[in-house]
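Since the structure comes first, as structure tokens, the remarks are kept for the end.
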Amino acid sequence: MNQAKRKQENREVWMKELYQNHIQQVARWRRQVLAVQLSLLVGMFLLWELAGRMRWIDVLLFSYPSKIFSQIGKDVASGEIWVHVGVTVGETAVGFLLGTLVGTLLAVLIWWSPFLCKVLDPYMVVFNSMPKVALGPIFIVMFGAGFTAIVMTTLSITVIITTLVVYNSFNEVDRNYIKVIRTFGGDRTEIFTKVVLPASFPAIVSTLKVNVGMAWVGVIVGEFLVAKQGLGYLIIYGFQVFNFTLVLSSLLIIAVVATGMYQLVVYVERKLIAGRRSL
């Protein structure tokens with residue numbers, strides 16, 4: 001009896017050590033990936049700086065990192081940049097949230113009604129293939145040159161993408177699960193709430209990450225057309241006055257803020273999926 005208990009304890013110790021080794025290997029691998037990523041980023045900036053200093057590139061067009069960071073430092077010190085960042089982030093957040101919500105609800109609606117799906121299918125395909133920049137002037141006339149027109153431009157990009165992705169995830173649910181619900185007398189509501197929606201939850205959450213990029217595209221396009229504030233406005237203004245350092249500094253700020261927003265969505269995704277697994 002004591003020998004069996006001792007073997008069990010030894011097995012538990014071995015399993016714990018194996019698990020700890022696995023955790024350490026994963027952490028080591030992540031540190032290596034991060035180190036390579038940072039090395040590539042620093043190397044790219046150093047090469048860019050050297051190319052600018054040595055005049056291997058046209059600094060009027062491409063500038064170089066020290067000038068760009070100096071431009072950002074001046075804008076931060078003056079406080080001017082915060083207004084533009086706040087406007088663009090606000091527009092992006094509204095377009096992102098509304099696009100995800102409306103697109104998901106539209107996907108539910110066309111899944112619920114196969115007739116409506118058949119009716120709307122060609123229109124969604126055509127609308128998705130249209131260049132959204134061409135819709136910008138129409139939104140300006142309809143809603144005025146301001147916040148609403150920019151958000152509507154963003155929605156024109158995010159809603160259809162969300163609808164198509166979520167609706168396809170609804171259709172890819174295992175039919176055997178649906179048959180089980182029907183066998184026990186379940187109606188369409190129970191099929192959706194007990195099978196389709198839970199099975200599609202990872203796809204819906206993953207759509208958030210896609211919509212981050214799409215929302216930024218829509219907002220910047222909208223600001224190109226109508227804005228008097230925002231990072232998109234700074235880019236257009238920089239082109240107009242041939243200040244390409246301002247253009248590139250605005251692009252760098254967009255990259256940093258968009259990356260932060262994406263990482264926030266990834267964090268929310270992990271929390272939501274972990275919460276579902278614990279149920």
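The values are calculated or read from the model by the stated rules, or taken from the named source; none is laboratory data. Keep in mind the model is a prediction, meaning the values are calculated, not measured. Please note: Cβ atoms are built from the backbone with ideal geometry, for glycine as well, and neighbour counts cover all protein chains shown. Heads up: the accessible areas ignore ligands, DNA and RNA and are worked out on the full protein's heavy atoms, side chains in. Shrake-Rupley method; radii C 1.70, N 1.55, O 1.52, S 1.80 Å.
So the values come out like this:
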item	result
Selection count, the stretch 51-70, where residues are of a type in the set (S, T, N, Q) and open to solvent by less than 40 Å² (accessible area, probe 1.4 Å)	1
Residue match in the stretch 74-82 (condition: outside any helix (DSSP H, G or I), surrounded by fewer than 17 Cβ atoms within 10 Å (Cβ to Cβ) and at pLDDT below 90)	yes
Flag if Trp111 is open to solvent by less than 40 Å² (accessible area, probe 1.4 Å), in contact with a Phe, Trp or Tyr (Cβ under 9 Å, 6 or more places away or on another chain), assigned to a helix (DSSP H, G or I) and of a type in the set (A, V, I, L, M, F, W, C)	yes
Exclusive hit being within 23 Å of the chain's Cα centre (by Cα), within 24 Å of Ala134 (Cβ to Cβ), in a helix (DSSP H, G or I) and touching a residue at least 60 places away in the same chain (Cβ under 8 Å), set Leu225, Leu208	Leu225
Boolean, Thr104 is of a type in the set (S, T, N, Q) and either under 30 Å from Leu246 (Cβ atoms) or not in a helix (DSSP H, G or I) (or both)	no
Per-region count, the stretch 221-256, residues among the charged types (D, E, K, R) and open to solvent by 40 Å² or more (accessible area, probe 1.4 Å)	1
Number of the exception - Trp56 against (1) outside any helix (DSSP H, G or I); (2) under 16 Å from Leu252 (Cβ atoms)	(2)
Members of the stretch 59-73 that are in contact (Cβ under 8 Å) with a residue 40 or more places away in the chain and part of a loop (DSSP other than H, G, I, E, B)	Ser63
Where Glu91 falls short, out of the listed (1) open to solvent by less than 40 Å² (accessible area, probe 1.4 Å); (2) of a type outside the set (A, V, I, L, M); (3) modelled with pLDDT under 90	(3)
Only listed residue being touching a helix residue (DSSP H, G or I) at 6+ places or on another chain (Cβ under 8 Å), open to solvent by 20 Å² or more (accessible area, probe 1.4 Å) and either under 28 Å from Trp111 (Cα atoms) or in contact (Cβ under 8 Å) with a residue 60 or more places away in the chain (or both), chosen from Lys179, Lys194	Lys194
Failed condition for Asp187, given (1) at pLDDT 90 or above; (2) surrounded by fewer than 20 Cβ atoms within 10 Å (Cβ to Cβ); (3) over 22 Å from the mean Cα position of the chain (by Cα)	(1)
Pair list, Cβ < 7 Å and 6+ apart or interchain, from the stretch 23-51 residues that are under 20 Å from Ser63 (Cα atoms) to residues that are open to solvent by less than 80 Å² (accessible area, probe 1.4 Å) and of a type in the set (Val, Ile, Thr)	Ala51/Ile57
Only one of Ala145, Ala134, Ala149 that is farther than 19 Å from Thr207 by Cβ, free of Cβ contacts under 8 Å to residues at least 60 places away in the same chain and small (Gly, Ala, Ser)	Ala134
Test: residue in the stretch 214-222 that is over 28 Å from Phe139 (Cβ atoms), of a type outside the set (Asp, Glu), touching a residue at least 24 places away in the same chain (Cβ under 8 Å) and in a helix (DSSP H, G or I)	no
Long-range neighbours under 6 Å by Cβ, at least six apart or interchain, first residue under 23 Å from Gly73 (Cβ atoms) within the stretch 253-273, second of a type outside the set (A, V, I, L, M) and surrounded by 12 or more Cβ atoms within 10 Å (Cβ to Cβ)	Ala258/Trp216
